[in-house]
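So the structure is just underneath, and the comments pick up after that.
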Amino acid sequence: MTKVAIWCRHETDNLIGIGTDIPWHIPSDSKFFADVINGQDVVFGRKTYESVSPKVLENCAVWVLTGDKDYETRCPKADKVVTDIRAFKEFEGDLYIGGGAQVYQAFMDGAPKLMPDIVVDCVYGGAVNAALSGERIDITPCVDIMKKKYFKLTDDFDRDGVKAALWVKKGDFVEQSVLKRLRLLLESR
């Protein structure tokens, strides 16, 4: 079992969203995200789940982490609702953590069995869409944890202004097949 967090944050302020929008549009980065989670078990918070295209999720086993036990997913027969993050402590397979900020924080700052083994850290260096309104959402606490408790395993792979690298939790064994898959995706993006 391997837990993998994947995010794209703004270089200067760790911003990942404004309101319900990503404040930049980089098609190659969106495709990379879709490729990483394709065919995988993936967990999202409710707002992030609602913002991800159903087409991106069609080959995924989706888990929606929400405090609303009565929440209905877009695909009730396939997508599952989880109200307690501790359900993922003994998760049997690989689990990809797709956001949002509260979900990243809960896993990164959680018990050792909840912390991701690998972080796919994508960093956008360009301008953000200043026309967007809403709450500015950043993941600075998660980035701080990553820099203290993880080591950077790969160089940055740069494409279209987004640098991506793999970070691995210090002192843990990481499933090599997962690392190999992620590295191949990074190299081919």
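Of the residues in the range 122-140, how many are outside any strand (DSSP E or B) and out of contact with any Gly (no Cβ under 8 Å at 6 or more places or on another chain)?
Step one: list which residues in the range 122-140 are outside any strand (DSSP E or B), which gives 125-135, 139-140.
With the extra rule that they be out of contact with any Gly (no Cβ under 8 Å at 6 or more places or on another chain), the set shrinks to 127-131, 139-140.
Of the residues in the range 122-140, 7 are outside any strand (DSSP E or B) and out of contact with any Gly (no Cβ under 8 Å at 6 or more places or on another chain).
On inspection, residue 110 passes the criterion of being under 18 Å from the mean Cα position of the chain (by Cα), of a type in the set (Gly, Ala, Ser), part of a loop (DSSP other than H, G, I, E, B) and surrounded by 14 or more Cβ atoms within 10 Å (Cβ to Cβ).
Results for (1) outside any loop (DSSP other than H, G, I, E, B); (2) of a type in the set (Lys, Arg); (3) in contact with a helix residue (DSSP H, G or I) (Cβ under 6 Å, 6 or more places away or on another chain), shown as yes or no for each residue.
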{"residue": "1", "(1), (2), (3)": "no, no, no"}
{"residue": "7", "(1), (2), (3)": "yes, no, no"}
{"residue": "13", "(1), (2), (3)": "no, no, no"}
{"residue": "33", "(1), (2), (3)": "yes, no, no"}
{"residue": "39", "(1), (2), (3)": "no, no, no"}
{"residue": "42", "(1), (2), (3)": "yes, no, no"}
{"residue": "64", "(1), (2), (3)": "yes, no, yes"}
{"residue": "67", "(1), (2), (3)": "no, no, no"}
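Checking every residue in the range 138-151 against the condition of being surrounded by 20 or more Cβ atoms within 10 Å (Cβ to Cβ) and in contact (Cβ under 8 Å) with a residue 40 or more places away in the chain gives at least one match.
Search the range 18-31 for residues being part of a helix (DSSP H, G or I) and hydroxyl-bearing (Ser, Thr, Tyr), and hand back the single one that is nearest to residue 98 (Cα to Cα). Full working, then the answer.
Within the range 18-31, the subset part of a helix (DSSP H, G or I) is 27-31.
Checking the rest, the ones that are also hydroxyl-bearing (Ser, Thr, Tyr) come to 28, 30.
Working: 28: 17, 30: 12 Å.
Across the range 18-31, the extreme among qualifying residues is 30.
Does the range 14-28 include one or more residues that are charged (D, E, K, R) and either surrounded by 21 or more Cβ atoms within 10 Å (Cβ to Cβ) or at pLDDT 95 or above (or both)?
In the first step, residues of the range 14-28 are kept if they are charged (D, E, K, R); the result is 21.
Subsequent filtering for residues that are either surrounded by 21 or more Cβ atoms within 10 Å (Cβ to Cβ) or at pLDDT 95 or above (or both) retains none.
No, every residue in the range 14-28 fails to be charged (D, E, K, R) and either surrounded by 21 or more Cβ atoms within 10 Å (Cβ to Cβ) or at pLDDT 95 or above (or both).
Among the residues of the range 55-64, some residue qualifies, meaning at least one is among the polar types (S, T, N, Q) and within 17 Å of the chain's Cα centre (by Cα).
The residues on offer are 143, 119, and the sole one that is in a strand (DSSP E or B) and under 25 Å from residue 25 (Cα atoms) is 119. The set of residues from the range 78-117 being touching a strand residue (DSSP E or B) at 6+ places or on another chain (Cβ under 8 Å) and polar (S, T, N, Q) comprises 83, 102.
Checked against the criterion of being farther than 20 Å from residue 142 by Cβ, surrounded by fewer than 12 Cβ atoms within 10 Å (Cβ to Cβ) and either hydroxyl-bearing (Ser, Thr, Tyr) or out of contact with any Pro (no Cβ under 8 Å at 6 or more places or on another chain) (or both), the candidates 69, 80, 31 yield just one match: 69.
State all residues of the range 53-62 that are under 20 Å from residue 93 (Cβ atoms) and assigned to a loop (DSSP other than H, G, I, E, B); if no residue qualifies, say none.
Taking the range 53-62 first, the residues under 20 Å from residue 93 (Cβ atoms) are 56-62.
If the condition is that a residue be under 20 Å from residue 93 (Cβ atoms) and assigned to a loop (DSSP other than H, G, I, E, B), then 58, 59, 60 are the ones that fit.
Does residue 168 count as more than 20 Å from residue 40 (Cα to Cα) and in contact with a strand residue (DSSP E or B) (Cβ under 7 Å, 6 or more places away or on another chain)? In short, no.
The values are calculated or read from the model by the stated rules, or taken from the named source; none is laboratory data. Predicted, not measured: the structure shown is a model, and the values here were computed from it. We place every Cβ from the backbone using ideal geometry, glycine too, and count neighbours over all the protein chains shown.
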